[in-house]
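Step one of this worksheet: look at the structure below.
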Amino acid sequence: PVCVTTSRDIDFIIELALRGIPVITYGDMLCVPGSRGSLEDARAKGSKVHMVYSTVDALRIAEKEPKAVFFAIGFETTSPATAYAVKHGLRVYSTHKLIPPAMEAIAESPELRIEGFINPGHVSTIIGVEAYPKLAVPQVITGFEEPDILEAVAMLLKQISRGRHEVENQYTRAVRQEGNELAKQAVDEVFEVADAAWRGLGVIINSGLRLKPIYKGQDAAIIYRGILEGIKPKENPACRCGDVLRGTISPQQCPLFGSACTPSKPVGPCMVSYEGSCGVAYSERKP
């Protein structure tokens, strides 16, 4: 979620912080650079930027600072927790994304030539097997241990060799066909599906979650609409994070990789997160 969050969203939340509005976010977002620095930079200038590990922590902060805005990022895994917090009065700027529509967009791209998907286990525990779209390529839901990944690759290869394109579930110990009904219900009560912009992929139809109108009094995108509309992000043209995310280049092919862009001084979000493609490539590089 860190890598696919757009510069506009990052710039907006930084602008709120610089204007004296308390901001709450997960640790991964603190160092993600926008056009005018990062949330960490804003905090160094005196802005109130709070790092939390859960929305329960965010609610505790909001009790003392009711105008605080929670920067809600993540896929289907984190949106139920955000929904819970919204129902308890938290103000939110939602950039939650949905995996299945993005998979469809990627699979249909002639540029990428995808032959198969390893579907994320943590997302699948929420949405279930049934939520994945029927595509012309095989899909395997898998866990995170090495044996899980190896088995998933073997299952994909078997489907490819036999000309099949089904959704298979390797992660049966955690993922059910229907997913987590209570979590999905919580999300449906608070959010509605909307088009969303993804870094590197552009706007994907029905791939995001925004607060329902009943919660407009807690929706930072509405409360601070004037600020949001004035955001004009300035991208570094040399940063190839979007191309790395699409898989059209490797991290090492970005001209900034390992020189101007490092984990200690990232230019793009792909280098910030320990899960980011560039961050992983940098940590695994050979001396």
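Return the total of residues in segment 172-199 being without any contact (Cβ under 8 Å) to a residue 60 or more places away in the chain, in a strand (DSSP E or B) and over 30 Å from Arg240 (Cβ atoms). Number satisfying all stated conditions: 1.
The condition of being within 30 Å of Asn236 (Cα to Cα) and in contact (Cβ under 8 Å) with a residue 60 or more places away in the chain holds for only one of Gly208, Gly202, that being Gly208.
For segment 130-164, a residue qualifies if it is loosely packed, with under 15 Cβ neighbours inside 10 Å and part of a loop (DSSP other than H, G, I, E, B), and the qualifying residues are Glu130, Pro133, Lys134, Ala136, Phe144, Glu145, Arg162, Gly163, Arg164.
Scanning segment 215-256 for residues that are of a type in the set (A, V, I, L, M, F, W, C) and more than 22 Å from the chain's Cα centre (by Cα) returns Ile223, Ile227, Ala238, Leu256. Cβ-Cβ contacts under 6 Å between residues 6 or more apart (or on different chains), taken from a first residue in segment 266-287 that is under 16 Å from Pro255 (Cβ atoms) to a second residue that is surrounded by fewer than 24 Cβ atoms within 10 Å (Cβ to Cβ) and polar (S, T, N, Q), are listed as Val267/Asn236; Cys270/Ser277.
Only one of the numbered conditions (1) part of a loop (DSSP other than H, G, I, E, B); (2) buried (at least 17 other Cβ atoms within 10 Å of the Cβ); (3) of a type in the set (A, V, I, L, M, F, W, C) is not met by Leu228, and that is (1).
Out of all the residues in segment 89-109, is one or more assigned to a loop (DSSP other than H, G, I, E, B), hydroxyl-bearing (Ser, Thr, Tyr) and surrounded by fewer than 19 Cβ atoms within 10 Å (Cβ to Cβ)? Yes, because at least one residue in segment 89-109 is assigned to a loop (DSSP other than H, G, I, E, B), hydroxyl-bearing (Ser, Thr, Tyr) and surrounded by fewer than 19 Cβ atoms within 10 Å (Cβ to Cβ).
Only the coordinates and a few stated rules stand behind these numbers; no lab work does. The shown structure was predicted, so the numbers you read here are calculated from the model rather than taken from an experiment. In this analysis, Cβ positions are derived from the backbone assuming ideal geometry, glycine residues included, and neighbour counts consider all displayed protein chains.
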